[in-house]
Amino acid sequence: SGAPIRKRRGTVRVNSVRGHKVARKLSINPGDAVISTAHRDFVQLGGHQGHFHIAGPGSLWKQQSKDGEVEAKVLKELNESSLHAYVPDYLGSKEHDGKKWIGMEDVMCHFSDGCGMDIKMGTRTFKESEVKNQKLREDLYEKMVKQDPSEPTEQENASRAITKLRYMTFRERESSSQTLGFRIEAMKLWGQETTKDFKTLKYRDQVKNALLKYFNPLSKSGVEGFYRELVNLNQLLEESTYFKEHEFIGTSLLFIYDHERVGIWLIDFGKTTDIRDLLEGGQITHEKPWELGNYEDGYFTGIRMLISIIEEIYSERADDDESVHQHTTIRVN
């Protein structure tokens, strides 16, 4: 039972989930009441409350951020790329009540009473453009002191102000983002409220223990399914020109399982930036250390660490007895 997972790199088959029996369509306007015999509770793990609405069978409306139409553009482009199987279907955009909305597949429709986990990827979760302003800000100094009174330098204590870059890099260091390349944002398990108290988990063993809580109700075959989905996704990202040409900031991996299946999706593209005209050569590695101006986001650092931890969880798990239901994956066999 402690044997490592057999790596079948290169022979993984990707199964489309497009043929699922739920017909996805945008049948109502954002904010309209949903009248449906197939009603289910909507579970939101991350993002601003009220920014999502059920749009009809198997579909959602998501309110666009103030940045305009970045997320709709990126989601549409990813739907047409080699990564299409790992992102929600793009179903169109519209303006309603003065707000812009994106229509997208509700990926929870593939599951019955699914357990979800939102993992924010990368060693950096703020855009370069957010921290180029060198203005000293008292509000950010106060926020930092509230989190860790011993953090400010003598000079910072004297001026009682810091730059946004200083605050944001401090904040990343307080979580596992900078050390592991990802952080757990939230998880929802059967019979429990959504939990979000993971932001101060910093070290590998702490994060592994939190991941164990999510994987514990799952069969060993389910853990292996998540591992295979991640290995396959990592391979597709390595081969993707689109991925090399974009800074993926603030995106998440959404993990979902129920009693039958497991699956992973890439979500949240509101801070994704096309860097072809911003950087000489027009591509990033997603693994080199970040310096202001190089646009590196550490995504590969995070996904490879996640693969390593999940493989460890799998190899330490005793084999399922024959009575345990074997999970299948949404895409990878």
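General observations
- Greater than 32 Å apart at Cα, pairs in Lys99/Lys120; Lys94/Lys120; Lys100/Lys244; Lys146/Lys220; Lys135/Lys213; Lys220/Lys244: Lys146/Lys220; Lys135/Lys213; Lys220/Lys244
- Global geometry of segment 53-118, whether rounded, prolate or oblate, following the gyration tensor of its Cα atoms and the 1.5 cut on a/c: oblate
- Sequentially through segment 285-296, phi angles give Karplus couplings (6.51, -1.76, 1.60; θ = phi - 60°) of 8, 6, 9, 5, x, 7, 10, 4, x, 9, 6, 5 Hz, Gly and Pro residues having no value and appearing as x.
- Rule-of-thumb Rg ratio for segment 146-253 [Cα; 2.2 N^0.38 Å; N residues]: 1.39
- Euclidean distance of C-alpha centroids, segment 134-170 and segment 221-282, integer Å: 33
- Accessible surface of Ser150 - all protein chains present, 1.4 Å probe, nearest 10 Å²: 100
- For segment 255-312, the list of trypsin sites (Lys or Arg not before Pro) that fall in a loop by DSSP and count at most 16 other C-beta atoms within 10 angstrom reads Arg276.
- Within segment 104-209, the GluC sites (Glu not before Pro) that combine a DSSP coil assignment with at most 15 other C-beta atoms in a 10 angstrom radius are Glu193.
- Couplings for segment 212-221, taken from phi via the Karplus curve 6.51 cos²θ - 1.76 cosθ + 1.60 with θ = phi - 60°, read 4, 4, 6, 7, 3, x, 8, 5, 4, 5 Hz in order; Gly and Pro are left as x.
- Loop-located GluC sites (Glu not before Pro) across segment 285-333 with a Cβ neighbour count of 12 or fewer within 10 Å are Glu291, Glu322, with loop assigned by DSSP.
- Globularity index of segment 79-224, i.e. its alpha-carbon radius of gyration over 2.2 N^0.38 Å: 1.35
- Asp277, Asp148, reordered so the largest accessible area comes first (probe 1.4 Å): Asp277, Asp148
- Whether segment 236-292 is rounded, prolate or oblate, judged on the alpha carbon gyration tensor where a/c under 1.5 counts as rounded: prolate
- Ordering Thr200, Thr301, Thr179 by accessible surface, largest first, gives Thr200, Thr179, Thr301; the 1.4 Å probe counts only protein heavy atoms, with every chain in place.
The values are calculated or read from the model by the stated rules, or taken from the named source; none is laboratory data. All of these numbers come straight from a predicted model, not from anything done at the bench. Note: ideal-geometry Cβ built from the backbone for every residue, glycine included; neighbour counts use all protein chains shown. Accessible surface is based on the protein model in full, side chains and every heavy atom, while ligands, DNA and RNA are left aside. Shrake-Rupley method; radii C 1.70, N 1.55, O 1.52, S 1.80 Å.
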